[in-house]
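Data block below; observations after.
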Amino acid sequence: MNLVSVFIVYQMIWWVVFMAVLPLGVKIEESTTPGFATSAPVKPNIKKKIILTTKITTILWIISCAVIMSGLISFD
């Protein structure tokens with residue numbers, strides 16, 4: 001795998017994990033103010049979710065690179 005492939009694999013895994021982590025721990029306000037979306041989260045904790053996503057992605061990325069470099073999966 002070259003450097004570009006490694007970066008693309010990491011980015012693809014990161015976005016998939018991020019979209020899976022986004023709905024975790026979301027609390028919706030019961031009484032909403034007129035003019036605001038009723039489904040808007042009270043405190044989305046985006047920073048914590050980005051950090052969690054990066055940690056999970058790094059682990060999955062290491063595993064996927066190891067599998068690809070071992071020859072179990074070939075893209076030739």
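The values are calculated or read from the model by the stated rules, or taken from the named source; none is laboratory data. Predicted model, so just to flag it, every value in this text is computed and none were measured. Counting neighbours? That spans all protein chains shown, and the Cβs are built from the backbone with ideal geometry, glycine included.
A few remarks follow.
- Residues that are touching a helix residue (DSSP H, G or I) at 6+ places or on another chain (Cβ under 6 Å) and assigned to a helix (DSSP H, G or I) are absent from the range 34-46.
- Contact map, the range 62-76: residues that are under 11 Å from Met1 (Cα atoms) and polar (S, T, N, Q) paired with residues that are at pLDDT below 85 and in a helix (DSSP H, G or I), Cβ distance under 8 Å, separation 6+ or inter-chain. No pairs are found.
- Scope the range 18-76; condition among the small types (Gly, Ala, Ser) and either more than 25 Å from Ile8 (Cα to Cα) or over 21 Å from the mean Cα position of the chain (by Cα) (or both); matching residues: Gly25, Ser31, Gly35, Ala37, Ser39, Ala40, Ser70, Gly71, Ser74
- Criterion violated by Ile73 - all others in (1) surrounded by 10 or more Cβ atoms within 10 Å (Cβ to Cβ); (2) at pLDDT below 90; (3) among the β-branched types (Val, Ile, Thr) satisfied: (1)
- Selection from the range 27-61 of residues that are among the hydrophobic types (A, V, I, L, M, F, W, C) and either touching a residue at least 24 places away in the same chain (Cβ under 8 Å) or surrounded by 13 or more Cβ atoms within 10 Å (Cβ to Cβ) (or both): Ile50, Leu52, Ile56, Leu60, Trp61
- Applying the set (1) outside any helix (DSSP H, G or I); (2) touching a residue at least 40 places away in the same chain (Cβ under 8 Å); (3) of a type in the set (A, V, I, L, M, F, W, C) to Val17 leaves exactly one unmet item: (1).
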